[in-house]
Amino acid sequence: MCGIVAYIGSKEACPIIIKGLQRLEYRGYDSAGIALQQGKELNIYKTKGKVSNLQDFLEGKNIEGTSGMGHTRWATHGVPNDVNAHPHYSESKDLALIHNGIIENYAILKEEMVKRGHTFVSDTDTEVLIHLIEDIQLNEKIGLEEALLQALSEVTGAYAIVLMCKNNPDIMYAARKGSPLVIGVGENEYFMASDATPIVEYTKNVVYLNDEEIAIVTRNNGFTIKNIQNQLKTPYIQELELKLEMLEKGGYDHFMLKEIHEQPRSIKDSMRGRLNAMEGYIRLGGIKEYDQKLINANRIIIVACGTSWHAGLVAEYLFEDLARIPVEVEYASEFRYRNPVIHETDVVIAISQSGETADTLAAIQLAKQKGATIIGICNVVGSSIPRSSHAGSYTHAGPEIGVASTKAFTAQVTVLSLMAIYIAHKRGTISDSRYHQLITELDCIPDKVKQVIDNTNEQIKNIAQSLKDAPNFLYLGRGYNFPVALEGALKLKEISYIHAEGYPAAEMKHGPIALIDEKMPVVVVATNQSAYEKIISNIQEVAARKGRVIAIVNKADNTIKELAEHVIEIPETEEPFSPLLSVIPLQLLSYYIAVYLGKNVDQPRNLAKSVTVE
Ligand code: M6R
């Protein structure tokens, strides 16, 4: 949450920073601001709202300067307004800071500094940190770097920061703990950002800062990295695989629609080099050294949040059904605080698109301390969760920019399917012929996903038009498709702000059925061959109460046609892979409903793509 971008070099900083902030806007869009070193001045320009508001605000102003930093905010401390927007000045206004994360002990620090005469203008924890740095510098009569190190060792919580000093325009400082920060190394120019997306068009060479490291970045003398104990570190420069076109809408109206349409490709990419159906093998290089841990695991614990948690629920069915390993799927935020029982024979799988979700990261750190093996399933290469895991597999879905997760979910389920089949085969819980049947079908999934998109898009547009004014929705599914029902409901809530709930279809009669009347759309995922008759009974129960049934089926029979207001047909597949197909119509439905309602599909209110606060 919150996006950081900074530049120091010989080019004009402002256009680079603004473009970078637009790329990072998925991280938060409550307010935006920029600090520019302009001659002897360190000037701040900031305003409530999106980066486009900041651009309007800068119109006609002097924005010259070859070093600067910008921020896009997802509010934690203090409402979104101009004053709480970053950057923040120190007491003397000689220093300015941008920050992503939360300084947990800010209240005590603030109280002490108020007693010493500091005046704070905002409600933010960030302003407290920049005052603290200056306070230490002046009181202890030490240099800025030393004061920064000392301040960082006094604060608790999480931070990624960039610091500028009016009197030293050729140096910028960056630091991280718990929140991501990457440094772009160009030709006599440097970039600092929350992720590589603002950097990729200028340089492919990046250094990911580790926790409790600071970077001292100079205009003319390169950069150095230290830890907060003041020990020098050797920077590890990596080459980015990211391509610029991955960050653009490519002719689609929204990133979400582009990402839905990318799924045949992104699913294929997540299997590339790992699945060879012709030769009959699955290879998961990233977990090779730890596969015995998985094969012999007494229990798998999956930790995740949001959509990734739904992928985890699909994995519970996969691993239990195919590999016969008991699985627990945990909300990372609950797991980390309830003193969970963890054994050394447990394997913890952390699922996260961003690889930065604070609760998931904390959950694996806890499990690691207790001796469990940690496997990360993440999309963003080089992010914190893979770096804190023993092993893992990237999902290779490519950058997901729409806040509502779509292609990341299907890529996660694909990788988890590969893993479950691989482990099941090694454990002997599926026969050779079942193994070959499954991998042959998995190989066909990208084509089937394409068929779903091509064949249902127009129909779903019409359905969305007819349902868009409903105030509530119910989503029902059974077995492998129960998590899909949850995911469908989450997608609709997030981007259309319509209240929606997902339930196991059979659970409906234990309460939610009371909600059903002629105004209630009930989306039923009815593709499971094994429980088909039972799902038909559930649909009967909804129809008997005049609910508006939207059924996702493999082939519409007469019974379904009579009961449902809309029937969406999708291709058949092996049941373990049905979530990969059945989720697609639900993504499209929520997308078109949100579009018809005029909502901001890619940046829904109050949300951020990367949730780096707990
Ligand atoms: O980056 P992560 O996968 O760890 O993010 C977890 C959730 O914040 C995320 O899935 C969220 O629920 C999405 N907005 C869902 O569309």
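The values are calculated or read from the model by the stated rules, or taken from the named source; none is laboratory data. What you are looking at is a predicted structure, and each value in this text was computed from that prediction instead of being measured. Here Cβ is always computed from backbone atoms with ideal geometry, including for glycine, and neighbour counts include all displayed protein chains. The area values use the complete protein model at the heavy-atom level, side chains included, leaving out ligands, DNA and RNA. Shrake-Rupley method; radii C 1.70, N 1.55, O 1.52, S 1.80 Å.
Within straight cross-link reach of residue 204, meaning Cα distance under 20 Å, which lysines are found once same-chain residues fewer than 8 apart are removed?
Partners within reach: 11, 19, 243.
Evaluate E = 1/(1 + (r/R0)^6) for residue 279 and residue 450, where r is the Cβ-Cβ distance and R0 equals 25 Å; express this FRET efficiency to the nearest 0.05. Don't jump to the answer; show the numbers that get you there.
Values: r = 24 Å, r/R0 = 0.96.
After rounding to 0.05, the efficiency reads 0.55.
As a check on your grasp of the helix formula, calculate [θ] at 222 nm for the chain: sum -39500 (n - 2.57) over DSSP H runs of n ≥ 4, divide by the residue count, round to the nearest 500.
Working: 18 runs with 222 residues, N = 614.
Rounded to the nearest 500, it is -11500 deg cm²/dmol.
Cα convex hull of segment 526-590: how many Å³ per residue? Before the final figure, lay out each step's value.
Numbers: hull volume 5.0 nm³, N = 65.
Convex hull volume per residue, Cα atoms: 77 Å³.
What angle, in degrees between 0 and 90 and rounded to the nearest 10, separates the Cα long axis of helix 306-318 from the longest principal axis of the Cα atoms of the chain?
Here the helix axis deviates by roughly 40 degrees.
Taking the Cα centre of each part, how many Å lie between segment 570-614 and segment 232-246?
What the calculation gives is 30 Å, centre to centre.
What is the angle, in °, between the Cα long axis of helix 482-496 and the longest principal axis of the Cα atoms in the chain? Nearest 10 is fine, range 0 to 90.
For 482-496 against the chain, the angle is about 50 degrees.
With every protein chain kept in the model, how would you rank 436, 261, 71, 118 by accessible area, 1.4 Å probe, largest at the top?
Highest to lowest solvent-accessible surface, that is 436, 261, 118, 71.
Across every pair of different alpha-carbon atoms, what Kirkwood hydrodynamic radius in Å does segment 3-246 reach? Provide the component values of the computation, followed by the final result.
Working: mean 1/r = 0.0570 Å⁻¹.
With all distinct Cα pairs of segment 3-246 included, I get 17.6 Å.
Hey, got the Cα dimensions of segment 76-118 along the principal axes, in Å, largest first?
Answer, in whole Å and largest first: 27, 25, 16 Å.
Could you give the nm distance between label points at residue 437 and residue 139, where each point is 7 Å from its Cα heading toward the beta carbon?
7.2 nm
Keeping all protein chains in position, work out how much accessible area residue 104 exposes to a 1.4 Å probe, and write it in Å² to the nearest 10.
110 Å²
Once you have the Cα-Cα distance between residue 265 and residue 19, take 0.36 nm times their residue separation minus that, and quote the gain in nm to one decimal.
Full extension from residue 265 to residue 19 adds 85.8 nm.
Please find the FRET efficiency linking residue 320 to residue 365, where r is the Cβ-Cβ separation and R0 is fixed at 25 Å, and quote it to the nearest 0.05. Present the calculation step by step, with values, prior to reporting the outcome.
Working: r = 26 Å, r/R0 = 1.05.
That gives a FRET efficiency of 0.40.
Sort 158-165, 365-372 by packing, meaning the average of other beta carbons within 10 Å per residue, with the highest value first.
Values: 158-165: 25.5, 365-372: 16.1.
So the order, starting with the most tightly packed, is 158-165, 365-372.
Over all directions, average the projected area of the Cα convex hull of the chain and note it in nm².
For the chain, the mean projected area of the Cα convex hull comes to 28.0 nm².
Treating the Cα atoms of segment 248-430 as identical point scatterers in vacuum, please give the log10 of the normalised Debye intensity I(q)/I(0) at q = 0.20 Å⁻¹, two decimals.
-1.38
Pairs 448/546; 177/368; 233/288; 268/491: which are spaced more than 25 Å apart, C-alpha to C-alpha?
Checking Cα-Cα distances, 448/546; 233/288 exceed 25 Å.
Could you list the residues of segment 256-289 with an amide nitrogen less than 19 Å from a label point located 7 Å from the Cα of residue 248 in the Cα-to-C-beta direction?
256-262
Starting with the highest mean, order 36-46, 480-490, 271-281 by the number of other Cβ atoms within 10 Å, averaged over the residues of each peptide. If you can, show how the numbers build up before the last one.
Details: 36-46: 19.1, 480-490: 27.3, 271-281: 14.1.
Top to bottom by mean Cβ count within 10 Å: 480-490, 36-46, 271-281.
Mind ordering 577-584, 379-386 by average Cβ neighbours within 10 Å, highest first?
Descending mean neighbour count gives 577-584, 379-386.
Just subtract the alpha-carbon distance of residue 339 and residue 61 from 0.36 nm times their residue separation and send over the number in nm, one decimal.
Details: separation 278, 0.36 × 278 = 100.08 nm, distance 5.42 nm.
Stretched fully, the residue 339-residue 61 segment lengthens by 94.7 nm.
Give the accessible area for residue 307 in Å² (nearest 10); use a 1.4 Å probe, count only protein heavy atoms, and leave out ligands, DNA and RNA.
Looks like 10 Å² after rounding.
At a probe radius of 1.4 Å, what is the per-residue accessible area of residue 74, in Å² to the nearest 10?
60 Å²
Would you list the P(r) distribution for segment 448-602, with all Cα-Cα distances sorted into 5 Å bins from 0 and each bin expressed as a whole %?
Each 5 Å bin holds this share of Cα pairs: 2, 10, 22, 25, 23, 13, 5, 1.
Mean separation of Cα pairs under 8 Å and 6+ residues apart, divided by the residue count of the chain: what relative contact order is that in percent? Present the calculation step by step, with values, prior to reporting the outcome.
Working: 1418 pairs, mean separation 71.1, N = 614.
Relative CO of the chain lands at 12 percent.
Could you work out Rg/(2.2 N^0.38 Å) for segment 1-125, with Rg from alpha carbons only?
Taking N as the residue count of segment 1-125, the ratio is 1.04.
If you fit an axis through the alpha-carbon atoms of helix 125-140 and take the longest principal axis of the Cα set of the chain, what angle between them do you get, 0 to 90°, nearest 10?
Taking Cα atoms only, the helix is inclined about 30 degrees.
What nm distance separates the two modelled labels at residue 515 and residue 170, each placed 7 Å from Cα along Cα→Cβ?
It works out to 6.3 nm between the two label points.
Report the extension gain between residue 497 and residue 328 in nm, rounded to one decimal, defined as 0.36 nm multiplied by the number of residues separating them, less their alpha carbon distance. Kindly include the intermediate steps, with their values, before the conclusion.
Numbers: separation 169, 0.36 × 169 = 60.84 nm, distance 3.02 nm.
Extra length from residue 497 to residue 328 when fully extended: 57.8 nm.
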